[in-house]
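The values are calculated or read from the model by the stated rules, or taken from the named source; none is laboratory data. If you're wondering where the values come from, they're calculated on a predicted model, not measured in any experiment. Here the Cβ positions follow ideal geometry from the backbone for every residue, glycine too, while neighbour counts run over all protein chains shown. We work out accessible area using only protein heavy atoms, side chains counted, and drop any ligands, DNA or RNA first. Shrake-Rupley method; radii C 1.70, N 1.55, O 1.52, S 1.80 Å.
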Amino acid sequence: MKNKAFRIYKFGGASVKSALGVENLAEIVRRESGKLIVVVSAMGKTTNALERILSDFLDGRKDKYLEGFEQCKEFHISIVKGLFDTNTEAPLEALRNIFEQMDNFLNKPIAQGYNFAYDQFVSYGEILSSTIVSIYLNATGIGNKWIDIRQCLISDRNYREGNIDLALSEKLCREVFSHNSQSLFVTQGFIAGTLDGTTTTLGREGSDYTAALLANLVMAESVTIWKDVDGVLSADPRIFPNPVKLDEVSFKEAIELAYSGAQVMHPKTIKPLENKKIALYVKSFLHPDTSGTLIYQTNKRIAYPPILIQKTNQILISLTPFDFSFVIEDCLIKIFTVLYKHRVKANLVQSSAISFSICVDDEQHFLPGAIDELKLSFSVRYNKNLELLTVRHYTQEAIAENTSGRSILLQQLTRNTARFVMK
Ligand code: ADP
Ligand code: ASP
Ligand code: MG
């Protein structure tokens with residue numbers, strides 16, 4: 001029974017940023033003999049590029065968005081040319097079809113607002129990458145079926161952060177994946193579909209979440225996310241010197257790390273896996289034979305080193321009620337109703353008698369509306385360009401090393417976690 005279950009492999013943007021990356025993916029997939037679903041993200045920084053094209057389009061900067069679109073086409077065409085020496089006709093034709101759909105989008109007025117437009121357009125990054133990967137695998141003898149995940153992962157119309165209908169998606173995923181003689185599938189991360197055929201996305205970096213959802217829905221044996229690092233490290237190696245690799249991490253620890261902003265995985269990844277006790281491996285696509293990190297259900301006391309998580313571009317908003325009333329239930333309801341309405345997520349909150357502080361990402365599309373609405377009931381002050389540092393399993397040395405010389409605006413200590421909002 002066990003060997004009949006799927007494994008899910010998720011390849012992020014960094015793993016498919018070039019022809020060499022796709023070739024490397026093929027070698028990793030070739031070694032897998034059982035049933036496998038390959039989930040891919042957009043290639044390299046394509047999602048950022050598509051976001052810029054869309055903004056330029058919506059702001060009427062025609063030269064800029066056309067230039068951006070040309071670069072996006074060239075990038076994907078050059079990957080195809082790097083992968084297929086001679087037989088480029090079929091993959092280039094497939095790309096042309098997708099570019100034509102994108103072009104149609106950019107030639108029509110947008111009727112339904114930014115979030116809707118975002119999902120219809122930015123989702124093409126994953127359509128492009130999964131198409132190239134699927135055609136390349138088939139061409140190199142790794143037979144697979146390309147699946148449009150929008151047909152079986154069904155969400156509501158909460159554009160840019162679709163909520164998945166688990167019961168319906170489970171039924172559809174089982175029909176598509178489980179009741180199929182094919183053993184290898186290639187599909188998209190990050191995107192889903194509504195019942196009436198529009199596209200939604202699941203939040204930036206959401207492909208990890210897609211892999212976890214699919215694992216949950218088809219009751220997979222495990223998920224592996226392939227990264228450019230050796231596994232989950234005790235800090236982001238781009239920021240902190242000499243982090244150590246964690247061999248094993250409990251689901252409980254992993255959800256805390258991801259929620260605090262550890263970029264190695266999307267925060268929503270853990271719940272679908274924990275709920276079905278499905279193990280998650282984080283492994284290096286550069287060194288696929290090394291052991292990586294195992295994230296799983298365990299009650300074992302794992303001895304973690306201090307783990308550092310930095311979130312930049314934070315804004316600390318301080319609210320004081322105009323009428324000097326306490327910040328208690330009714331006030332809190334008012335604050336969180338506004339945050340929820342504008343989709344602003346609090347990374348950290350702290351309150352006193354008549355003041356309430358919230359540290360949030362400085363997200364330009366959501367925040368200004370929330371601040372304007374809060375100003376109707378509160379005196380609002382804010383500090384921008386801040387950093388939120390979380391130290392899990394802190395020691396005094398780790399705190400001193402990473403906060404000395406910094407101006408700390410707010411700090412919180414619990415038994416396991418120290419958090420600092422700093423300049
Ligand atoms: P993907 O290509 O799958 O989208 P990301 O670039 O989003 O991958 O995530 C991998 C990156 O996350 C690594 O290159 C690393 O710089 C960063 N990172 C941040 N925190 C950690 C951590 N605790 N452990 C490992 N990598 C981390
Ligand atoms: N391509 C999307 C992003 O860059 C989703 C992902 O990579 O996980 O956010
Ligand atoms: Mg990513």
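Can you name every residue in region 243-293 that is hydrophobic (A, V, I, L, M, F, W, C), over 19 Å from residue 11 (Cβ atoms) and not in a helix (DSSP H, G or I)? Listed by number, the residues that qualify are 244, 246, 249, 262.
Between 208, 228, 236, which is within 16 Å of ligand 3 (Cβ to nearest atom) and surrounded by 20 or more Cβ atoms within 10 Å (Cβ to Cβ)?
Going through 208, 228, 236 in turn, just one is within 16 Å of ligand 3 (Cβ to nearest atom) and surrounded by 20 or more Cβ atoms within 10 Å (Cβ to Cβ): 208.
Sort through 417, 403 and tell me the only one that's at pLDDT 95 or above, under 18 Å from residue 314 (Cα atoms) and either more than 28 Å from the chain's Cα centre (by Cα) or open to solvent by less than 50 Å² (accessible area, probe 1.4 Å) (or both).
Details: 417 fails: under 18 Å from residue 314 (Cα atoms).
Matching residue, one of 417, 403: 403.
Considering only residues that are within 13 Å of ligand 3 (Cβ to nearest atom) and open to solvent by less than 10 Å² (accessible area, probe 1.4 Å), which ones fall in region 13-23? Explain how you work it out, then say what you get.
Pass one, region 13-23, residues within 13 Å of ligand 3 (Cβ to nearest atom): 13-17.
Within region 13-23, 15, 16 qualify.
Residues that are within 19 Å of the chain's Cα centre (by Cα), open to solvent by less than 20 Å² (accessible area, probe 1.4 Å) and in contact (Cβ under 8 Å) with a residue 60 or more places away in the chain within region 142-168 comprise 149, 153, listed in sequence order.
Taken as a whole, the structure leaves residue 27 outside the set of residues that are of a type outside the set (Phe, Trp, Tyr), in a loop (DSSP other than H, G, I, E, B) and surrounded by fewer than 23 Cβ atoms within 10 Å (Cβ to Cβ).
Would you say residue 222 is over 21 Å from residue 388 (Cβ atoms), open to solvent by less than 10 Å² (accessible area, probe 1.4 Å), under 20 Å from the mean Cα position of the chain (by Cα) and more than 16 Å from ligand 3 (Cβ to nearest atom)? Yes; evaluated as a whole, the condition is true for this residue.
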